[in-house]
Amino acid sequence: MKRVTLALTGASGIQYGLRLLDCLVAQGCQVDLLVSKAAHLVMATETPVRWPSDPERLNAQLAERYADQPGQVRAYGRENWFAPAASGSGAAASMVVCPCSGGTLSALATGASNNLIERAGDVALKERRQLILVLREMPLHQVHLEHMLKLTQMGAVIMPASPGFYHDPQTIDDLVDFVVARVLDQLGLEQQLVARWGEEPAG
């Protein structure tokens with residue numbers, strides 16, 4: 001069972017993270033879920049989804065949502081330093097920040113570890129593990145670009161949430177799926193959300 005740390009931060013585009021979570025669970029992945037305070041606010045603004053901020057209550061809600069895949073998702077509080085993601089000896093081999101805010105990008109580029117998401121990203125970098133950042137910000141100023149370059153040089157993969165259109169999207173969900181499909185590709189997971197270039201769409 002592949003294990004992934006998934007962090008949702010306070011950038012617009014929380015739909016990408018929610019869809020990715022569903023896909024990871026459907027793939028049988030074990031997910032360590034980290035949700036920033038700002039992500040809760042974005043979620044309430046952009047979607048009908050409401051997650052409690054208390055990790056115990058959130059875990060109960062997630063257990064109900066994914067009742068047919070028990071135990072696959074575990075949420076951790078922002079200052080739970082005993083969470084697996086906080087240590088190189090316990091963190092998953094892959095971490096995805098989706099969506100990734102400009103603030104989170106900055107914190108990771110400068111080595112800040114002021115909360116569990118930042119610490120988890122720092123662990124991924126220092127352990128040379130897979131770190132995927134689905135940046136959702138525009139336009140970008142010089143500091144954003146410098147931080148993206150620095151993180152790329154440290155081994156992170158920067159994936160701006162820039163959906164393509166060659167798959168003839170008909171709905172917003174189709175655009176979300178395009179980005180999520182590319183993340184799943186990076187994780188080495190099978191996906192049938194969007195046909196690969198040169199392939200016929202799944203019937």
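Pairs meeting the criteria (first residue in region 112-139 and under 14 Å from S101 (Cα atoms), second residue part of a strand (DSSP E or B) and of a type in the set (G, A, S), beta carbons under 7 Å, at least 6 apart or on different chains) are I117/A7. Only residues that are assigned to a loop (DSSP other than H, G, I, E, B), loosely packed, with under 15 Cβ neighbours inside 10 Å and not β-branched (V, I, T) were counted across region 166-186, and they come to 3. Go through the residues of region 4-21 one by one and say whether even a single one is under 21 Å from R129 (Cβ atoms), assigned to a helix (DSSP H, G or I) and among the aliphatic types (A, V, I, L, M). Taking every residue of region 4-21 in turn, at least one turns out to be under 21 Å from R129 (Cβ atoms), assigned to a helix (DSSP H, G or I) and among the aliphatic types (A, V, I, L, M). Exactly one residue out of A156, A120, A107 is surrounded by 17 or more Cβ atoms within 10 Å (Cβ to Cβ), more than 26 Å from W51 (Cα to Cα) and of a type in the set (A, V, I, L, M, F, W, C), and it is A156. Residues in region 28-37 include at least one that is at pLDDT 95 or above and more than 21 Å from V183 (Cα to Cα).
With respect to V157, is the statement that it is under 14 Å from the mean Cα position of the chain (by Cα) and within 19 Å of G102 (Cα to Cα) true?
Yes, satisfied.
Among the candidates L140, L193, L131, L189, which residue alone is outside any loop (DSSP other than H, G, I, E, B) and either among the hydrophobic types (A, V, I, L, M, F, W, C) or surrounded by 13 or more Cβ atoms within 10 Å (Cβ to Cβ) (or both)? After ruling out the rest, the residue left standing is L131. When you look at A44, is it in contact with a Ser or Thr (Cβ under 6 Å, 6 or more places away or on another chain) and not acidic (D, E), yes or no? In short, no. Scanning region 1-39 for residues that are more than 11 Å from the chain's Cα centre (by Cα), surrounded by 19 or more Cβ atoms within 10 Å (Cβ to Cβ) and of a type in the set (S, T, Y) yields one hit, S36. Could you grab me the full set of residues in region 66-80 that are free of Cβ contacts under 8 Å to residues at least 40 places away in the same chain and either within 19 Å of N115 (Cβ to Cβ) or in contact with an Asp or Glu (Cβ under 9 Å, 6 or more places away or on another chain) (or both)? Across region 66-80, the qualifying residues are G77, E79, N80.
Among residues of region 77-101 being part of a helix (DSSP H, G or I) and touching a Leu at 6+ places or on another chain (Cβ under 8 Å), the one that is surrounded by the most Cβ atoms within 10 Å (Cβ to Cβ) is A85.
Would you check if there is a residue in region 61-76 being under 22 Å from I158 (Cα atoms) and crowded, with 22+ Cβ neighbours inside 10 Å? No: region 61-76 contains no residue that is under 22 Å from I158 (Cα atoms) and crowded, with 22+ Cβ neighbours inside 10 Å.
The values are calculated or read from the model by the stated rules, or taken from the named source; none is laboratory data. If you're wondering where the values come from, they're calculated on a predicted model, not measured in any experiment. Quick reminder, even Gly has a Cβ in these numbers, built from the backbone with ideal geometry, and neighbours come from all protein chains shown.
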